[in-house]
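> Input: one structure, supplied below.
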Amino acid sequence: MNRFLTATAALALTSGVAAADYNLTILHTNDFHARFEPISKYDSGCSVEDDVAGECFGGSARLVTAIEEARGRAGNSILVDGGDQFQGTLFYTYYKGALAAEMMNKMGYDAMTVGNHEFDDGPEVLRGFMDAVTFPVLMSNADVSGEPLLADTLAKSTVIERDGEKLGLIGLTPQNTDELASPGDNITFSDPVAAVQGEVDRLSAEGVNKIIVLSHSGYRTDQRVAAETTGVDVIVGGHSNSLLSNTSDRAEGPYPTMVGDTAIVQAYAYGKFLGELNLTFDDAGDIVEAKGEPLLIDATVTADAATAERIALAAKPLEEIRSRVVAETAAEIVGVREDCRARECAMGNLIADAMLARVKDQGVQIAVQNGGGIRASIDAGQVTMGEVLTVLPFQNTLSTFEVTGATMVAALENGVSQHEDGAGRFLQVAGISFAVDVAQPAGSRISDVMVGGAPIDPTKLYSVVSNNYVRNGGDGFDMFKDAKNAYDFGPDLADVTAEFLAGDGPYTPYTDGRITLK
């Protein structure tokens, strides 16, 4: 873009000296999921005692301090979010988007993209959040013209200025958000590559030559967008909860990950890290240097006292529910996404077993729970209702229905169809066992399906229990939408799980080979 040149700068150019480089620091978060309070190493609630002992991470109060300190280091910076501020704790259940809006305004965000969970309660709650925030919320790969609540409010992109330069910001959300959440029937989602390129071309025609995509599409999709578009300088990611780092042995890739001339970053989730990408652009708007590292928000970051006080006040209405001890576990119940979206996991077995036990007297034979609905682990010892609700925050109910064996196998195939992406549709099960060969093409990965000790019969009707989200076609389970004798109004899944956990004596987590990876 054209710059205003001082006499000194103009003289420098005529003397053959290059124009001054432009430095920008992008501070970023993603997949915060209502973790306003500090979290444990398991990404669930952290006790006051553990926090005092320095064993907790994240929380809004520490994040306020980390952002303030990072801005001081940077000089010229923006703060953006890669989506999914909504859902994950009782804070969201109680306040919906109101507390997220308050905290993001306090921290001074410049923009965010819409994540799939921003649609969990339909366009109404998203619109209320957008009305409350003081920054643009973006989504380019969707047609919202038919949705009155968003048609004139939700933009595809925006332009902001920093230190005399224009920055183009573009939003992206998962193309299958209609399967992942509840956007309603008035919004259609489209391919991210074409959507981004269309906005890049429009912004470039307006003279904007520094373009940043805020993408809630996942690390793999971000790499595809970078490879198949032109003109994108940076992609700030989310959705896959990927830690990109040059120092951590848990990193999914380098920070930034360079695809051609595009720098891709992501900072795990839950406010545990603050991404800090330092960029230098030349006068043509091209990146000449991109470096940085996510900052771990641990006990070395001092909590902002005023923010901590505000969060404590917001937590008071939730305290009675959260603090009630409902059970005890002899060991950690592992519910991390790396396990529950890829293989049999202990938390998945607990939840599926609990569902099946609750309705087995109704003749139900099979239980299935989507891995994406499992949001945290539970550490050993006493288990509170707050911990259970952190694992299962979506207020899903038990659904019972009948499908043929062939339909059940099709559902299992759907569950592993995006295994390489870590998709939430991977099914945790009870009453059924199967083998998976992810080396085979999607649709041909399932074998050795057994129900009640016998091979599944494709023509036989089986009675199944799941959650109402999966039964109604969420995560691509369209084959369940027309199931026979469907009833979606059973008890809350979190309550069922808590009651099962409270059985006789401490619960012992386990896996038993009901899902085999070949």
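> Two decimals is fine: what is log10 I(q)/I(0) at q = 0.14, 0.15, 0.16, 0.18 Å⁻¹ for the range 447-516, from a Debye sum with one equal scatterer on every Cα and no solvent?
-0.69, -0.79, -0.88, -1.05
> Also: Starting from the Cα gyration tensor of the range 222-361, take the square roots of the eigenvalues, sort them a ≥ b ≥ c, and report rounded, prolate or oblate (rounded when a/c is under 1.5, otherwise prolate if a/b is larger than b/c, else oblate).
oblate
> Say the dipole of the chain comes from +1 at the beta carbon of Lys and Arg and -1 at that of Asp and Glu; which of 103, 287, 315 then lies farthest toward its positive end?
It is 315.
> Before anything else, pin down the relative contact order of the range 297-449: Cα pairs under 8 Å, at least 6 apart, normalised by residue count, whole percent.
Relative contact order here is 27 percent.
> Quick query: amide H of residue 331 versus all other amide H atoms, modeled in the peptide plane; which residues come in under 5 Å with a sequence gap of 5 or more or a different chain?
The list, which skips near neighbours in sequence, is 381.
> Looking at the square roots a ≥ b ≥ c of the eigenvalues of the Cα gyration tensor of the range 428-488, which shape do they give, rounded for a/c under 1.5, prolate if a/b is larger than b/c, or oblate?
Oblate, because a/c is 1.5 or more while a/b does not exceed b/c.
> So for each of 98-110, 74-86 I average, over its residues, the number of other beta carbons within 10 Å; can you give me the resulting order with the highest mean first?
74-86, 98-110
> Taking a probe of 1.4 Å, how large is the accessible area per residue of the chain, in Å²?
I get 39 Å² per residue for the chain.
> Same structure, new question: So if I take the alpha carbon set of the range 372-437, get Rg, then get Rh from the Kirkwood formula, what is the Rg over Rh ratio?
Working: Rg = 14.7 Å, Rh = 14.3 Å.
Radius of gyration over Kirkwood radius for the range 372-437 works out to 1.03.
> Follow-up question, since we're still on this one. Can you give the relative contact order of the range 87-133 as a percent, counting alpha carbon pairs under 8 Å and 6+ residues apart?
50
> Hey, rough spin-label estimate for residue 362 and residue 319, points 7 angstrom out along Cα→Cβ, what's it come to in nanometres?
Label at residue 362, label at residue 319, 3.8 nm between them.
> Still on this structure: What does the net charge come to around residue 340 if you take all other residues with beta carbon closer than 12 Å to its beta carbon, with K and R at +1 and D and E at -1?
+2
> Once the Cα atoms of the range 141-183 are picked out, what are the Rg and Dmax in Å?
13.6, 42
> Using θ = phi - 60° and the Karplus relation 6.51 cos²θ - 1.76 cosθ + 1.60, list the HN-Hα couplings for the range 390-399 in order, rounded to whole Hz, with x at every Gly or Pro.
Values, residue by residue: 6, 5, 10, x, 8, 6, 6, 10, 6, 10 Hz.
> Hey, any idea what the orientation-averaged projected area of the convex hull of the chain's Cα atoms comes to, in nm²? Before the final figure, lay out the partial values.
Values: hull surface 100.2 nm².
For the Cα atoms of the chain, the hull's average projected area reads 25.1 nm².
> Please state the relative contact order of the chain as a whole percent: Cα pairs under 8 Å, 6+ residues apart? Write out the running numbers ahead of the final one.
Details: 1230 pairs, mean separation 78.6, N = 518.
Normalised by residue count, the contact order of the chain is 15 percent.
> From the Cα gyration tensor of the range 101-251, with a ≥ b ≥ c the square roots of its eigenvalues, which class applies: rounded if a/c is under 1.5, or else prolate if a/b is larger than b/c, or else oblate?
Because its axes are fairly even, with a/c under 1.5, the range 101-251 counts as rounded.
> How are the C-alpha pair distances of the range 65-186 spread across 5 Å bins, as whole percents from the shortest bin up?
Computed distribution, short to long bins: 2, 11, 20, 24, 19, 12, 7, 4, 1, 0.
> Among 169, 39, 377, whose Cα sits farthest toward the positive end of the charge dipole of the chain (+1 at Cβ of Lys/Arg, -1 at Cβ of Asp/Glu, about the Cα centre)?
377
> Would you list 508, 329 from the most to the least accessible area, probe 1.4 Å?
Numbers: 508 90, 329 5 Å².
Reading off the accessible areas and sorting them downward yields 508, 329.
> Summarise the accessible area of the chain (1.4 Å probe, protein heavy atoms) by the percent that is carbon and sulfur.
Answer for the chain: carbon and sulfur cover 50 percent of the accessible area.
> At a 10 angstrom cut-off on C-beta neighbours, averaged per residue, how do the peptides 150-160, 61-71 rank from highest to lowest?
Numbers: 150-160: 17.7, 61-71: 20.2.
Order by mean packing, descending: 61-71, 150-160.
> As a test of the formula, what do you get for the chain when each DSSP H run with n ≥ 4 contributes -39,500 (n - 2.57) and the sum is divided by the residue count, at 222 nm and rounded to the nearest 500 deg cm²/dmol?
Details: 17 runs with 149 residues, N = 518.
Computed ellipticity for the chain at 222 nm equals -8000 deg cm²/dmol.
> Related question: So if we plug the beta-carbon distance of residue 485 and residue 330 into 1/(1 + (r/R0)^6) with R0 = 25 Å, what FRET efficiency do we get, rounded to 0.05?
The formula returns an efficiency of 0.10 here.
The values are calculated or read from the model by the stated rules, or taken from the named source; none is laboratory data. Note that the coordinates shown come from a computational prediction; the quantities given were computed from them, not determined experimentally. Using ideal geometry, Cβ is built from the backbone for each residue, glycine included, and neighbour counts are taken over all protein chains shown. Side chains are part of the model used for accessible areas, which takes the heavy atoms of the whole protein and leaves out ligands, DNA and RNA. Shrake-Rupley method; radii C 1.70, N 1.55, O 1.52, S 1.80 Å.
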